[in-house]
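Participant: Input: one structure, supplied below.
The values are calculated or read from the model by the stated rules, or taken from the named source; none is laboratory data. Predicted, not measured: the structure shown is a model, and the values here were computed from it. Positions of Cβ are generated from backbone atoms using ideal geometry, with glycine treated the same way; all protein chains shown enter the neighbour counts.
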Amino acid sequence: MLKGRTAIVTGGSRGIGAAIAKKLASMGANVAVIYAGNEAAANAVCDFCQGEYGVAAKAYRCDVADFDAVKQTVKQIRADFGGYHILINNAGITRDNLMIMMKEADYDTVLDTNLKGAFNMIRHACGLFIKQNEGCIVNIASVVGLSGNAGQCNYSASKAGLIGLTKSVAKELAPKSIRCNAVAPGFIKTDMTGDQAENPSLALVPLGRMGSAEDVADAVAYLVTARYVTGEVLRVDGGLAM
């Protein structure tokens, strides 16, 4: 389905990003995995994609919050793969605290990675998308970007901003046949969130359980192939935010 296509996945060394990279590889896409620090984990994802699905895969270390570093990384990916067609902005961090106790650095760091990082990737990737009159961008947002969450004003702001970025980019780039959508996960079990089986907020989830990284990857796979969908925010939250 995606044979001959190349996907860039940020934050691709673990959790949701790794699941997305593997899902797209299973659909035939080559994958460029961008990671922040864990080279071994990123290489393991690439090895899996190559061994299991026979696609090309390579890991790239890059701080997505660094405008110039992203420019060079995207340029290298283009050289290595001969181009790219899909961009998944998944890289994200948390620095949770109540607003009244939050340090300025913790607010700035989360916004720089989660929101500015996505802008940097789109900004440097869209030149080729425009040239080839084709491209697909999927941003991994969050339900807290829709509803807010106590103790996460920085994270919620970054994800709400990412949703606004998604819709603006979708409108700007639609004339060039470039689509931009977002996925908004709810309670997803990953290394970053841990097992929140005892979290009382799970009682608010109609399906009554946490989701998996693969649930999010399935939604991304849909948006990558849904050629008449753009500017959409697809919730993967078990009904939490309906």
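Participant: State whether the residues of region 111-122 include one that is of a type outside the set (Phe, Trp, Tyr) and over 15 Å from the mean Cα position of the chain (by Cα). It would help to see each step written out before you state the result.
Facilitator: Start the filter on region 111-122 by keeping residues that are of a type outside the set (Phe, Trp, Tyr), which leaves 111-118, 120-122.
Pick out the ones that are also over 15 Å from the mean Cα position of the chain (by Cα) and you get none.
There is no residue in region 111-122 that is of a type outside the set (Phe, Trp, Tyr) and over 15 Å from the mean Cα position of the chain (by Cα).
Participant: Checking Gly148 against (1) closer than 20 Å to Val233 by Cβ; (2) touching a residue at least 60 places away in the same chain (Cβ under 8 Å); (3) among the small types (Gly, Ala, Ser): exactly one of these is not met. Which one?
Facilitator: Of everything listed in (1) closer than 20 Å to Val233 by Cβ; (2) touching a residue at least 60 places away in the same chain (Cβ under 8 Å); (3) among the small types (Gly, Ala, Ser), Gly148 misses just condition (2).
Participant: Can you say whether Asn89 is in contact with a Ser or Thr (Cβ under 6 Å, 6 or more places away or on another chain), in contact (Cβ under 8 Å) with a residue 60 or more places away in the chain and buried (at least 17 other Cβ atoms within 10 Å of the Cβ), as far as the supplied structure shows? Explain how you work it out, then say what you get.
Facilitator: Working: in contact with a Ser or Thr (Cβ under 6 Å, 6 or more places away or on another chain): yes; in contact (Cβ under 8 Å) with a residue 60 or more places away in the chain: yes; buried (at least 17 other Cβ atoms within 10 Å of the Cβ): yes.
For Asn89, the condition - in contact with a Ser or Thr (Cβ under 6 Å, 6 or more places away or on another chain), in contact (Cβ under 8 Å) with a residue 60 or more places away in the chain and buried (at least 17 other Cβ atoms within 10 Å of the Cβ) - is met.
Participant: Right, another one. Find the strands (runs of 3 or more DSSP E) located wholly in region 126-242 whose residues include 3 or more that are closer than 30 Å to Lys75 by Cα, modelled with pLDDT of 95 or more and in contact with a helix residue (DSSP H, G or I) (Cβ under 8 Å, 6 or more places away or on another chain), and list them. Lay out the reasoning, then the answer.
Facilitator: Working: elements: 135-140, 178-185, 233-236.
Answer list for region 126-242: 135-140, 178-185.
Participant: Let me ask something else about it. Would you please list the contacts, defined by Cβ atoms under 8 Å and residues six or more apart or on different chains, that run from a residue in region 184-195 that is closer than 18 Å to Leu207 by Cα to a residue that is modelled with pLDDT under 80?
Facilitator: Final answer for the pair search is Phe187/Thr193; Phe187/Gln196; Phe187/Asn199; Phe187/Ser201; Lys189/Asp195; Lys189/Gln196.
Participant: Let me ask something else. Across region 213-242, what is the total count of residues that are under 15 Å from the mean Cα position of the chain (by Cα) and either aromatic (Phe, Trp, Tyr) or farther than 30 Å from Leu173 by Cα (or both)?
Facilitator: 1
Participant: Count, please, the residues in region 133-154 that happen to be under 12 Å from Leu173 (Cα atoms) and in contact with a Gly (Cβ under 7 Å, 6 or more places away or on another chain).
Facilitator: Residues of region 133-154 under 12 Å from Leu173 (Cα atoms): 133-137.
Next, from what is left, pick out any that are in contact with a Gly (Cβ under 7 Å, 6 or more places away or on another chain): none.
Count: 0.
Participant: Out of curiosity, is Val216 touching a Pro at 6+ places or on another chain (Cβ under 7 Å) and surrounded by 23 or more Cβ atoms within 10 Å (Cβ to Cβ)? Spell out the reasoning first.
Facilitator: Working: touching a Pro at 6+ places or on another chain (Cβ under 7 Å): yes; surrounded by 23 or more Cβ atoms within 10 Å (Cβ to Cβ): yes.
Criteria met by Val216.
Participant: With the requirement that a residue be touching a residue at least 12 places away in the same chain (Cβ under 8 Å), surrounded by fewer than 21 Cβ atoms within 10 Å (Cβ to Cβ) and over 22 Å from Lys75 (Cα atoms), what does region 3-43 give you?
Facilitator: Arg14, Gly15, Ser26, Met27, Gly28, Ala41
Participant: Shifting gears a bit: Restricted to region 57-82, and to residues that are aliphatic (A, V, I, L, M) and in contact with a helix residue (DSSP H, G or I) (Cβ under 7 Å, 6 or more places away or on another chain), which residue is farthest from Arg5 (Cα to Cα)?
Facilitator: Start the filter on region 57-82 by keeping residues that are aliphatic (A, V, I, L, M), which leaves 57, 59, 64-65, 69-70, 74, 77, 79.
From what is left, the residues that are in contact with a helix residue (DSSP H, G or I) (Cβ under 7 Å, 6 or more places away or on another chain) are 57, 59, 64-65, 70, 74.
Details: Ala57: 12, Ala59: 17, Val64: 22, Ala65: 26, Val70: 21, Val74: 15 Å.
Among those residues, the one meeting the criterion is Ala65.
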